[in-house]
Amino acid sequence: MSQFATSVSVDPRIIEKLPKFDAPFFQAGLAGYSDAAMRIVAREHGCPFCVTEALLDRILISGGKGRRREDPEFLAKEHEEEACNLQDHPIAGQVIGMEAGEMAEGAAILVEMGYDVIDVNLACPPKRVRRRNRGGYFLSAPSKGIEILEAVREIVPEHIPTTLKLRRGFDDSEESVTNFYRLFDGAVDLNYLWATVHGRSVEQRYNGPSRWEFLTELVKERPEALIFGSGDIMCAEDIFKMMEQTGVHGVSVARGCIGNPWIFAQARAIMEGREPKVPTIQEQRHALLRHFELCTDLHGEQTASRLMRKFGISFSKFHPQSEEVRKEFIGIHSAGEWKRVLDTYYCIS
Ligand SMILES: Cc1cc2nc3c(=O)[nH]c(=O)nc-3n(C[C@H](O)[C@H](O)[C@H](O)COP(=O)(O)O)c2cc1C
């Protein structure tokens, strides 16, 4: 039995706004992964809330490629007969950009599209090659970041919560901590419902550990604020470890749920004092097929076959012949090959 069983609950300020957000964790935004297919599979395994990947304001404004697929009703419309099971709600649409006016316009489009929450990304490391002042850049320019927070809050109707994604700082300097608190406090003053804080700096990207001590300190410094923690959540136990060690109200699950939707069911089991279950081969087959089916509906068969490779590779770690299965997934180019791998390795009763 897990040592972390029982007594964690969702803060009433969240339940009041989002009654279906009934467990203190959610699936993070994960660029290139967390599309509607991954989100629905997560929900079917107990995930109560999801965030889209960071959506570029300018692409939203220009009505660009992919916007239709970001409609939270898209899969429900494709599968009318099971639409009620394909509800991709509650969900936050995450907006990223360079300038307050455009970010606000992007946020307004997400509201129109039916998102329940608007999440502002001031966290992601800017691309190295075409250095653009987006995301985590604003941790080095907090006044501009606050302009964004103001503009987005102003345009989003009052009944729709806004939230913020941040990293612990731009780098390890003292000034960086001051800048963090300016943005964090700015969001609180503007009534942002919560902030998700990734315990790595922007400069750190994904290298080295997430500093959970920063989260502990933040919770102590700002006891009234609603905080979700992010960083180094690789299994269900980590969710409760982070909550216990740092005092955050909940946890954002990121790399730990790629190819592992069971993390959500396991977390619910722990909350209910049950033993978390390891997925059987049949359960792995079911999740892989379901993900492939939804991915195909979203992107078409050819793109799905390509996109699903990286998921298959992640899923393979649960298979007893993981190395062999991983190599098979790497070589997949078509739906036929996908089916062959599943029939060869995932039909064990
Ligand atoms: C491939 C990848 C894509 C990501 N994309 C986003 C994103 O679009 N929006 C966001 O807020 N965070 C994004 N993140 C950051 C994660 O949400 C999370 O904060 C980070 O991975 C730390 O958590 P972990 O160590 O448990 O993975 C991304 C992370 C990865 C690895």
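Quick one: dipole size for the chain, taken about the Cα centre, charges +1 on Lys/Arg Cβ and -1 on Asp/Glu Cβ, in debye to the nearest 20.
That gives a dipole near 1140 debye.
The slack between Leu289 and Ser173, meaning 0.36 nm per residue of separation minus the straight C-alpha distance, is 37.0 nm. What shape does the range 197-255 take by its C-alpha gyration tensor, where a ≥ b ≥ c are the square roots of the eigenvalues and a/c under 1.5 counts as rounded, a/b above b/c as prolate, and the rest as oblate? Judged from the Cα gyration tensor, the range 197-255 comes out oblate (a/c at least 1.5, b/c at or above a/b).
Think of each Lys and Arg Cβ as +1 and each Asp and Glu Cβ as -1; about the Cα centre, that makes the dipole of the range 281-345 roughly 180 debye.
Were the residues from His333 through Lys20 laid out at 0.36 nm apart, the gain over their Cα-Cα distance would be 108.9 nm. Along the axis of the charge dipole computed for the chain (Cβ charges of +1 for Lys and Arg, -1 for Asp and Glu, origin at the Cα centre), the listed residues Ser252, Gln284, Trp194 are led at the positive end by Gln284. Here the spin labels are modelled as points 7 Å beyond Cα on the Cα-Cβ line, and at Glu150 and Arg326 they lie 5.0 nm apart. Shape verdict for the range 281-345, please, from the Cα gyration tensor: rounded (a/c under 1.5), prolate (a/b greater than b/c) or oblate. Since a/c reaches 1.5 and a/b is larger than b/c, the shape of the range 281-345 is classed as prolate. Pull out a ≥ b ≥ c, the square roots of the eigenvalues of the alpha-carbon gyration tensor of the range 21-271, then state rounded if a/c is under 1.5, prolate if not and a/b is larger than b/c, and oblate in the remaining case. Cα axes put the range 21-271 in the oblate bin. Axis of helix 335-345 versus longest Cα principal axis of the chain: the two differ by about 70°, to the nearest ten degrees. The angle between the Cα long axis of helix 174-189 and the longest principal axis of the Cα atoms of the chain comes to about 90 degrees, rounded to the nearest 10. Each residue, Cys347 and Ser9, gets one label point 7 Å from its Cα in the Cβ direction; the gap between the two is 4.9 nm.
Using +1 at the C-beta of Lys and Arg and -1 at the C-beta of Asp and Glu, which of Leu226, Ile59, Val156 has the Cα lying farthest in the positive direction of the dipole of the range 21-271? Ranked along the dipole, the leading option is Ile59.
Mean residue ellipticity at 222 nm, helices only, the chain: -13500 deg cm²/dmol; runs of at least 4 DSSP H residues each add -39,500 (n - 2.57), and the sum is divided by the number of residues.
GNM on the chain, alpha-carbon springs under 10 angstrom: the most fluctuating residue among Glu224, Glu328, Glu73 is Glu224. Each residue, Val111 and His79, gets one label point 7 Å from its Cα in the Cβ direction; the gap between the two is 3.1 nm. The stretch between Arg58 and Tyr206, if pulled fully straight at 0.36 nm per residue, gains 50.7 nm over its current Cα-Cα span. For the residue pairs Lys127/Lys165; Lys20/Lys317; Lys277/Lys310; Lys165/Lys310; Lys20/Lys277; Lys165/Lys317, alpha carbon separations beyond 21 Å are given by Lys20/Lys317; Lys277/Lys310; Lys165/Lys310; Lys20/Lys277; Lys165/Lys317. Angle check, please: helix 212-221 long axis (alpha carbons) against the longest principal axis of the chain (alpha carbons), in degrees 0 to 90, nearest 10. Helix 212-221 sits at roughly 40 degrees to that axis.
Just so you know, all these numbers are worked out from the coordinates, no wet-lab data involved. Note that the structure is a prediction, hence the values are computed from the model and not measured. Cβ sites come from the backbone with ideal geometry, for glycine too, and all protein chains shown count toward neighbours.
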